[in-house]
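Notes for the one structure printed next.
Derivation of every value follows stated rules applied to the coordinates shown; laboratory data play no part. In this text the structure is predicted, and so the values were computed from the model without any measurement. Positions of Cβ are backbone-derived with ideal geometry, glycine not excepted, and every protein chain shown enters the neighbour counts.
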Amino acid sequence: MKLSFLGAAGTVTGSKYLIESGSTRVLVDCGLYQGVKALRERNWKALETDPASIDAVLLTHAHIDHSGLLPLIVRDGFRGPIHSTRPTRQLAELLLPDAAHLQEEDASYANRRGFSKHRPALPLYTRADAEAALEQFREIGFGAEGRVGPLRFRMQPAGHILGAASIEVRDGERSVLFSGDLGRSDDLLMWPPESPGSPDYLVVESTYGDRNHSDEDPITTLAGVLNETLERRGVLLIPSFAVGRAQTLLYCLHEIFERGLAPRVPVYVNSPMATSVTELFRESAGYHRLDEEHCHEVCSVARFVRSVAESRELAARFEPMVIVSASGMASGGRVLHHLKVLAPDERNTILLPGFQAPGTRGDALVRGVETIKIHGERYPVRARVRQIDVLSAHADQHGLLDWIGRCGRPPRRVFVTHGEPVPADTIRQLVGERFGYAARVPALGESVVLD
Ligand SMILES: [Zn+2]
């Protein structure tokens, strides 16, 4: 069996691994690079290998940095099955067309402004490509064994987000386990990641390889921010990621009201994507910690804003309330309409519940800018801006090491991927020191024979 690292080497996005056994070729994940331009430009380079020669894709989870190039390889000739869990397929049905829509918008913006080298600028892929990719999905349950030629594979829960899996691939002699993105053992909604078993080789993510989450309780912290805002009779606006984060926020708000930690105020979810993902969450009992009844109660804490007219009406209203709206870094989406109205008023709070990438509007807010630009106009920021980092869906350094240390026997080698250079190298070093396992950080494009 040969393993090649085609992405997520030395960086956190663009996950892509190729496994070859005889003439069988399987991709594990097929993610989009995100972030700075130099990374995004890599998306345009053809996959190092002919997509038509790939027999199957095994998908760990639906996040775009793991799934976002599937439409491209399908357009370029990949005709095999894309194996995933049911929630991953359902999430991909929401996320891939949305990713395609953003690509189409980028291209049409570049054409209007004439700043592309290419005339006309073309999208990386289209909605039709995304729809075609979705046709190739095949569901497999956790624990069931799948086959591609001589290779067998099995998915096991990884926590993180709905349907997320670690995937073990074996060729009869050797096995390799891909961690996918690992969730945290104390996640409020997701189950802890399942132990790695006894793989011969381990490929492990390292997003938070050099950091530990604070032990702050997210419910108490959020209750504090909400109370401060309500004392000023203001609105609490939370720009949130639609997948996972928005549902965790609803869970926290439900707990806050149930335990009487803050007065009950109306909660609105104003994001079509967050609404759809929350519906999926309700239908996916067994894939997360909440039973059907509890899940129903949690979702009932909010009113879901559907139409554009309702969204406008909400943006025009001013009363003490909570609005959860996407996008998570305030780079687009309906949250912008709320920001225009709410940012200039000192009674309000803008709460950013997660990491804000440099260069985004969310990052500017956290840095304390006096004005923000939205749709070409500047708006003063007088609202309080708060950031909390207690709702991450990723295992931290402690969680990663705990998971790796649960291997039934020492793997022949551990490959540390999906991390910036420092976090990846930190995990590499600690894995050696603590467990005596041979570990390395592979280079982009590197191939190793798993013998
Ligand atoms: Zn992820």
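Some points to look at:
- P(r), alpha carbons of the stretch 218-387 - 10 Å bins starting at zero, rounded %: 10, 41, 37, 10, 1
- Our summary of shape: the Cα atoms of the stretch 145-301 have principal axis extents of 65, 35, 24 Å, ordered from largest down, in whole angstrom.
- Relative contact order, percent, the stretch 218-387 [alpha-carbon distance under 8 Å, six or more residues apart]: 29 percent
- Our summary gives the stretch 1-103 a relative contact order of 23 percent, counting only alpha carbon pairs under 8 angstrom and 6 or more residues apart.
- Whichever lysines have a C-alpha closer than 29 Å to that of Lys340, once near sequence neighbours (fewer than 8 apart) are set aside: Lys37, Lys373
- Separation of alpha-carbon centers, the stretch 326-359 and the stretch 104-163, rounded to whole Å: 28 Å
- C-alpha center-to-center spacing [the stretch 200-222, the stretch 376-440] in angstrom: 6 Å
- Contour excess over end-to-end distance, with Cα ends at Glu297 and His398 and 0.36 nm allotted per residue: 33.1 nm
- Across the chain, the relative contact order, built from alpha-carbon pairs under 8 Å that are at least six residues apart, equals 18 percent.
- Bridgeable lysines around Lys2 (alpha carbons under 20 Å apart, same-chain partners fewer than 8 residues away excluded): Lys16.
- Asp389 paired with Ala144, simple spin-label distance in nm, labels 7 Å along Cα-to-beta-carbon: 4.0 nm
- Antiparallel content of DSSP bridges confined to the chain, in %, to 5: 45 percent
- Look at where the Cα atoms of the stretch 253-318 and of the stretch 44-58 average out, and the two centres are 39 Å apart.
- The charge dipole of the stretch 386-435, taken about its Cα centre with unit charges on the Cβ of Lys, Arg, Asp and Glu (plus for the first two, minus for the last two), comes to roughly 320 debye.
- For the stretch 218-387, the antiparallel share of DSSP beta bridges with both residues in that region comes to about 20%.
- A crude spin-label estimate for the pair Arg264 and Trp191, with each label 7 Å from Cα along the Cβ direction, gives 3.3 nm.
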